[in-house]
């Protein structure tokens, strides 16, 4: 013990302070790894759900042992980002098309002091809902879901990620969309979002079959 204390004295205060700083840095780094690498990035599975749909979807997620998170008073369900698209396709038939909300979301009285972020989110949901309804109006389309991804430009970044969209369509019986209808849906969605290209609009059916091709923009 005495030899250990003597060794510390021989090191001097400057070296001890440096060693302490390194130790604190390592501890902080380990805490960072534990909190960030151990966490799973979550993505929105469905939003603006009614209570009945939320209950049905949660039951299926529990049955499959899928981790989920509820937000927005239970109207939004989030799942691990890596599984979001697969689950969105798989559970598309579970969601009642009547729960899709469009621009009538703004008919509700807004609380004073609502921030721009909330308004922008409501605008996004409203646009998704209106596009879903428009697509559902196509003959033999039973239900449609549109999910828009509008990346924010990172501060000090010169690169701007392009907006994209995924559309899930459930048809009546064995009906199928023609290639012209698929292209029309791509152009419909792309035209509703600034800077979105048709090639970034992905369309699939409720069975997970990819319906889109990379059409060139005019």
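The values are calculated or read from the model by the stated rules, or taken from the named source; none is laboratory data. This one's a predicted model, so the numbers in the text were calculated from it and none came from an experiment. Please note: Cβ atoms are built from the backbone with ideal geometry, for glycine as well, and neighbour counts cover all protein chains shown.
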* Structure fact -> Among (1) modelled with pLDDT of 90 or more; (2) assigned to a helix (DSSP H, G or I); (3) surrounded by fewer than 16 Cβ atoms within 10 Å (Cβ to Cβ), residue 183 falls short only on (3)
* Structure fact -> Flagged in region 51-82 as touching a strand residue (DSSP E or B) at 6+ places or on another chain (Cβ under 9 Å), modelled with pLDDT of 85 or more and not in a loop (DSSP other than H, G, I, E, B), in numbering order, are 54, 57, 58, 61, 69, 70, 71, 77, 78, 79, 80
* Name, by its number, the condition in (1) surrounded by fewer than 17 Cβ atoms within 10 Å (Cβ to Cβ); (2) modelled with pLDDT of 65 or more; (3) under 21 Å from residue 50 (Cβ atoms) that does not hold for residue 138. => (3)
* Asked: Of the residues that sit in region 34-50 and are out of contact with any strand residue (DSSP E or B) (no Cβ under 8 Å at 6 or more places or on another chain) and loosely packed, with under 10 Cβ neighbours inside 10 Å, which one is modelled with the highest pLDDT?
  -> 39
* **So residue 130, is it surrounded by 11 or more Cβ atoms within 10 Å (Cβ to Cβ), outside the structural domain of residue 76 (by the TED database), at pLDDT 90 or above and not in a strand (DSSP E or B)** => no
